[in-house]
Structures are given as C-alpha cells and as structure tokens.
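Input: a single structure, listed below in structure tokens.
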Amino acid sequence: MLKLFNTIRKEKQEFRPINKDEVKMYSCGPTVYNYPHVGNLRAFIFADTLYRWLKYGEKCNVKWVMNLTDVDDKTIKNSREKYPKMDEKTALSKYTLYYEGVFFDDLAELNIQKESFFNNPRATEYIEEMKDLTRMIYEKGYAKIIEGSVFFDLVSYVKSNDYGKLINLDLDNLKTGTRTLSDEIEKENVQDFVLWKGVKKGEPYWDFELDGHDLKGRPGWHIECSSMGHAILGLPLDIHTGGVDLTFPHHENEIAQAQAGYELDTANFWLHNEHLMVDGKKMSKSLGNFYTLADLREKGFSAEAIRFFFVFNHYGSKVNLSDESLEAASNTLKNIRNLLSIKKEGSKDIVDIRDRFYGAMRDDLNTSVALACMMELLKGDYKKDEVSQFFKEAEDIFGIYFFEKNVKIPQDIIDLAERRVEAKKQKDYQLADSLRNEIIAKGYELRDTQGGYEIKKQ
Ligand code: AMP
Ligand code: ZN
C-alpha cells in the first residue's frame, strides 16, 4: 500500500483514490513571466516523479493537470514594459506565450512530456469559471466589493470554518477590516485577500458584473487554481502538489475559496516539495542566487544528470545545489550505465530486492533507498535477464535512460523530426505537436535537447 506524506494531516497516510479507476492530480504550474530557475523545476520534476510512480509503479490511471499562470501582477508589468505600444491583452498574450514555450522546452529536456498533462490550462482561458466562483462566494456572504475589487471576507469565513489547516496559523493575528490587493501575504499578517482585482489604467481587463457593480478587472492568483481544478478535474482532487512556499497563502486560500463557493474540499492529499537551496539559502529570483537549466548545461551537466540529482534526493528534504552534488549525481548515473552494460550472468532471483524497492517507493517515494536497491542489483550475483527487465521498468518509473541505446533510427523518423524542428522555427506549434505524435505512434521517443533533439526506440 502506497503511503504519502499529507501536509494537511502532517503524517504519512495510506493513499486511496476517491474513484478507484482514476487518480485526479493537480499541480500548481509556473507563472510564465521569466526563465524558470532549477528550484522551480524541482517542483515539476517532483510532480512528474509522483505521476510516474502512480502510473508505472501503482498502475493507476492518472489525470494530471498543471496550470499556467499567464495573468498576474508580474506578467502584466513585464508585458507592458516589453510591448508598450501594443493593446494590453495582445501584449500579455505575446509575452506569456514566449515564456510558456521556454518552460515546455525545459520540461522536454528534463523528460517531462507535455503529453503527460491531461490539459494545459492557461488562466486566461478560464476567466468565466473564475468569475462564477467569485460570484458564488459573494452570494454566500463570504466576499465584499470594495472600490471595484472583490475581497474574500476571512473574518466571516472563520466564524464557521477552519482556516490555516496546512500551516497552523495563529488566527489571533487575523487583522479585521484590513485587506490586500497583493497575492502574497506574510504569515504574521493574515487578512482579507483579493478574488478579483479592479482594472488599473493601462492594464488588460475582462468585463464582470456583480450585484449591479461594473467590475472590469482580472482574477486574483488564488482563484485561478480553484476554478481550473474544479472545471477540469472536479473537486475534491485526490492529490494537489506544489512547492512548500505555496502552502500559505496560496493553498490555504484555495481551500477557503472552494469551501466558501462550491462547498467542497479541495484535495484529500496535499503534497509539497521542499526547497532547492544554494549555500544554505532558498534558491529564488529575489535573492539572485539562481541557475537556469541552460546555466547548468553550460557548466557541462546533462539534463539527465540534473534530473537524476532531483529524482534521487527525496522531495521532502531541503537539497543543496552545488557543482559537487551535481557531479556526484552525474557519476552515479554513468556508473549505473556502465555496470548495466558489463553485467555478468548471475544465479540469484531478484524478487526480494524488488520487494524492497517497491516498499521504499511506497514509503512516501523514498527514492534514496530505491536507488540503493538498484545498486545492489547491479553489483550482486543476480540473473541478468531479470535485472535488465527491472531496469527497463525503472526507466519509465524515473524518466531516466539507464541503457545506452545504439539502435539505428530509420530515415523516415529523422525526416519527421527535422520537419518538426522547422515547424518550431516557424512557431507552428500545432504542426510540431502532431509531428511529435506521429513519431511516438511509430514507436520512437523524442526529446528536445539543448542542441536539437534526441530520438530513441521505445
Ligand atoms: P512560480 O513560477 O514562481 O509560481 O513557482 C513555480 C513552483 O516552483 C512553485 O511550486 C514554487 O513553490 C516552486 N519553487 C520556487 N522556488 C523553489 C525552490 N527554491 N525550490 C523548490 N521549489 C521552488
Ligand atoms: Zn496554484
């Protein structure tokens, strides 16, 4: 039985999907306003590791949604600066589409396939649903309209509901009668948060009428995830993921909004990845201590080594990024490949180690113990066929190639891949996607890399 650490219960719990035929998983996606750093990417590699385990390890049918935040303070500000003469909405969309492309290229390099996502919802495509939820919250008496914006009324909400279940908030600090238009709030400063922001001059806006008020404006950040999760998967979700910094206020507010408006729980399981650190500090844009995937590639680390580093450091621990730690991951991966290629015939059955491997992964994805089991298989006197079979499965589970594949790729597949490169150059992403699907349908895997692409037989 799979056990996962559930932030809302603060302990490991047995995982059972609400509907046994389908797991509904939602991950807070990126804000597409800049190049993501590898700290951000840790959050998505973690979600992908969980998704792959559910799919390949537990054989679940998983619907995984990751949203794209393409309207918020940062995207608006940057798009206005970059395209000052353009109409506001066109500028926003042009600006965010570029960074969306950057993000998906990074994911592809890290072997997180766009095809894994059940849907790629952009916030701007779900504005109607966000208005609906805002209206529902308002009509149930949990929101106030003030100066053209709509605020969640936390004081009236906490009278009959819990707030702060994820991080144990001290509600004595709840500031009555104060509110903020910012999407971020300090823990010490709990107050009414914004659901819908009234338009400011020079900003993109959508029409919205509520209770006789003309509320031209745009959604706040928290309402995006509640509305998209509900519209696409239906609440409550089985699993909701994100980085630990999202627990408050973002996830607390998601819980409150869905409870107030839909009268539904948001998720049964909340899983949070810990931070990626640099010299003991959280990697972040604001501290300036960040690296992008391209930066690390320039230092000579392959995307596979970087993925290996993240996958085999437990998601729930803070991890320090350094040249030495990446070097170590890269060497272990090389060592595994080498040991696999020179593996001699052995006599022992792998079943015990396999059980231990499953036990480790079912213990809240304990990938370090799982890795130790894999090394034992390579070094011990185990039957070669069984070890090979095991590592083939492990390739799917971890999204890392362990075998060097020297299969010759047929010319028609290479032609398709070349046409796709051309389509991407022309920004014809629809054609590029359909060419990729054709390649996959013919039994090959395609991965974008820094220098172009890589094709392997499935
Ligand atoms: P953003 O694009 O800023 O909304 O962040 C995307 C994701 O990255 C969120 O889930 C954050 O919690 C996560 N994140 C940001 N910084 C780090 C870090 N240093 N380590 C791990 N995850 C992070
Ligand atoms: Zn979110």
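Derivation of every value follows stated rules applied to the coordinates shown; laboratory data play no part. Worth saying up front: this structure is predicted, and the values here are computed from it rather than measured. Positions of Cβ are backbone-derived with ideal geometry, glycine not excepted, and every protein chain shown enters the neighbour counts.
Couple of notes before you dig in:
- Each residue, residue 77 and residue 457, gets one label point 7 Å from its Cα in the Cβ direction; the gap between the two is 5.3 nm.
- Among the listed pairs 77/200; 89/140; 55/425; 392/456, those whose Cα-Cα separation exceeds 23 Å are 89/140; 55/425.
- Neighbour counting of Cβ atoms within 10 Å sorts the residues 176, 241, fewest neighbours leading, into 176, 241.
- Taking 147, 186 and counting other C-beta atoms within 10 Å, the order from fewest to most: 147, 186
- Nitroxide proxy distance, nm - points 7 Å out along Cα→Cβ at residue 395 and residue 14: 3.5 nm
- For the chain, the relative contact order comes to 17 percent (Cα pairs under 8 Å, sequence separation of at least 6).
- Positive dipole terminus of the chain, leading residue within 258, 99, 325 (C-beta point charges): 325
- The stretch between residue 156 and residue 34, if pulled fully straight at 0.36 nm per residue, gains 40.2 nm over its current Cα-Cα span.
- Candidates 160, 41, 178 compared by Cα position along the dipole of the chain: farthest toward the positive end lies 41, with charges placed on Cβ.
- The alpha-carbon positions of the chain define a convex hull whose volume is 152 Å³ per residue.
- Using R0 = 56 Å, the C-beta based FRET efficiency linking residue 421 and residue 363 works out to 0.85.
- Extension gain, residue 437 to residue 299: 0.36 nm times the residue separation minus the Cα-Cα distance gives 46.4 nm.
- Restricting the trypsin sites (Lys or Arg not before Pro) of the stretch 266-320 to loop positions (DSSP other than H, G, I, E, B) with no more than 14 neighbouring Cβ atoms within 10 Å leaves 299, 318.
- FRET efficiency, residue 409 to residue 349 (Cβ-Cβ, R0 45 Å, nearest 0.05): 0.80
- For the chain, a crude dipole built from +1 on the beta carbon of Lys and Arg and -1 on the beta carbon of Asp and Glu, taken about the Cα centre, is about 840 debye to the nearest 20.
- Fully extending the segment from residue 342 to residue 284, taken as 0.36 nm per residue of separation minus the present Cα-Cα distance, adds 16.7 nm.
- Computed from label points 7 Å out along Cα-Cβ, the spacing between residue 317 and residue 200 is 4.3 nm.
- Theoretical FRET efficiency, 1/(1+(r/R0)^6), r = Cβ-Cβ of residue 429 and residue 22, R0 22 Å, to 0.05: 0.20
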